[in-house]
1. Looking only at residues in the range 138-157 that are among the hydrophobic types (A, V, I, L, M, F, W, C) and surrounded by fewer than 21 Cβ atoms within 10 Å (Cβ to Cβ), which one is nearest to ALA110 (Cα to Cα)?
2. Go through the range 103-128 and report how many residues are among the small types (Gly, Ala, Ser) and in contact with a strand residue (DSSP E or B) (Cβ under 8 Å, 6 or more places away or on another chain).
3. Output the helices (runs of 4 or more DSSP H) that fall wholly within the range 28-119 and possess 1 or more residues being among the hydroxyl-bearing types (Ser, Thr, Tyr), or say none.
4. Determine which member of the set LYS121, LYS163 is crowded, with 16+ Cβ neighbours inside 10 Å and among the charged types (D, E, K, R).
Amino acid sequence: MIKKTSGFSISIGTYPSVFGKVMIAAVSGEICAIAFLGKRKEKDAVKELRSRWPQTSIVRNKAVASVLGEKIFTEPHRMKKLGLRVLLKGTPFQVKVWKALLTIPFGKTASYSDIAKKVGKPKATRAVGTAVGENPFFYLIPCHRVIKKSGELGDYRWGSALKKTILDWETKNSE
């Protein structure tokens, strides 16, 4: 974990994922953000990145995004075995929730209350929902796998249609 929030460079680039164009940001090969671009402009994603990582320099590096994008989106059910590393920057509760999301198996879902129980706060489903919504790692940390207890998809930072597309794709590719 980086304790210092200045004096380092973040490399960014775009990657044409199976779900659409994404921006991948990394520091020395460790991913610090993945943003789904969709209809958003890349400059908006960069602005959001700058707000998360102030006083850093941002440099374009297509090669880093290409290598990391291939690992993330080519064989996503093998991600744990690929040795990807991320820099998590959030509150202790957010980090706990994001780590819990990593335990949801590829092609499966969990409810917000399941995640709340997993992080030791069974009544904190709304707080879990907020932390899930703040996840800066599109697809890599699978917030798309969290649904309502009723089975409804619920909200998704990148849009409910994309959430359904991702879940359907994972279900189809988990067999």
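1. Looking only at the range 138-157, we keep the residues that are among the hydrophobic types (A, V, I, L, M, F, W, C), and these are 138, 140-141, 143, 146-147, 153.
Within this subset, residues satisfying the condition of being surrounded by fewer than 21 Cβ atoms within 10 Å (Cβ to Cβ) are 147, 153.
Working: ILE147: 6, LEU153: 10 Å.
Result: ILE147.
2. First, the residues of the range 103-128 that are among the small types (Gly, Ala, Ser): 107, 110-111, 113, 116, 120, 124, 127.
Keeping just the survivors that are in contact with a strand residue (DSSP E or B) (Cβ under 8 Å, 6 or more places away or on another chain) gives 110-111.
Total satisfying the criteria: 2.
3. In the range 28-119, the matching helices (runs of 4 or more DSSP H) lie at 42-52, 62-74, 112-118.
4. LYS163
FYI, it's all coordinate maths here, none of it is from the lab. Note that the structure is a prediction, hence the values are computed from the model and not measured. Cβ coordinates were reconstructed from backbone atoms using ideal geometry, including for glycine residues, and neighbour counts include every protein chain displayed.
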